[in-house]
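The values are calculated or read from the model by the stated rules, or taken from the named source; none is laboratory data. Quick caveat, the model's predicted, so the values are computed rather than measured. We place every Cβ from the backbone using ideal geometry, glycine too, and count neighbours over all the protein chains shown. For accessibility, only protein heavy atoms count, side chains too; no ligands or nucleic acids. Shrake-Rupley method; radii C 1.70, N 1.55, O 1.52, S 1.80 Å.
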Amino acid sequence: MKKSLVILFGVITFFISIYFIWSVWNQESTHDLWDFVPRNSALVYESNQLGTTLLRLQDIESFQSLTQIPSLRKLSDHIIKIEHLTGLNSFYSFIDKTSGLISLHNTGKNEFDFLYLGVMNDLITTDEILKLIDPLISKVKEKKYRNYLGFELNEISLSFTNSRLTYLIYDHYFIASFTPYLVEDAIRTFED
């Protein structure tokens, strides 16, 4: 009788251990883009067809008036320059392949900047992202790498702007901003 109870207790303990390990492993792998969005975001836009949506927004009169704000005009100016430098016919169709978030943040008294978050799926791989970034890198200045809370941040000077792009490729997510502390905020938010 005692032997049966010990075996039963062992089997129950084994299944509880398996369930516990599976739930912890499954919980860690269920991240999404929203896990990286800092709480102090002024505005967050999410889309599964980001390129198409950005093209449609350009035709809306109220959006055209918003782009008169210098900080907001940077987005479309950067896309035009990226298309020219990379030779992409349409950067919008490239970013349409994946889902993404763009969050707007106050970075100064009268300044705003964006945090770009995208999912790299089977259609857009890490190699494709790096091939896209390579033609944009300024040949004069070198790339810098630094570690922040165990994450490797890449800082590069781009040939079409005086600002440096800080980006992180984590798991299958691409996180970038022209304001380095926005990427750091995304990491802190994810860690919390």
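Please identify, among 16, 137, 95, the residue showing maximal mean-square fluctuation in a Gaussian network model of the chain using a 10 angstrom Cα cutoff.
Greatest mean-square fluctuation among the candidates belongs to 16.
Using a 1.4 Å probe on the protein heavy atoms, what percent of the accessible area of the stretch 31-180 belongs to carbon and sulfur?
Of all accessible area on the stretch 31-180, carbon and sulfur atoms account for 53 percent.
Between residue 13 and residue 149, 0.36 nm times their residue separation minus their Cα-Cα distance comes to what?
45.3 nm
Mind checking the angle between helix 180-191 and the chain's longest principal axis? C-alpha axes, 0 to 90 degrees, to the nearest 10.
20
Give the range of the longest stretch in the chain that excludes all GluC sites (Glu not before Pro) found in loop regions by DSSP and having at most 13 other beta-carbon atoms within 10 Å.
1-110
Looking at the chain from every direction and averaging, what is the projected area of its Cα convex hull in nm²?
Dividing the Cα hull surface by four gives the mean projection, 14.9 nm².
For the chain, set up a Gaussian network in which alpha carbons nearer than 10 Å are linked by springs, and say which option among 131, 97, 109 fluctuates the most.
109
May I ask you to compute the full-extension gain from residue 43 to residue 67, defined as 0.36 nm times their residue separation minus their alpha-carbon distance, rounded to one decimal in nm?
So the chain would gain 7.2 nm between residue 43 and residue 67.
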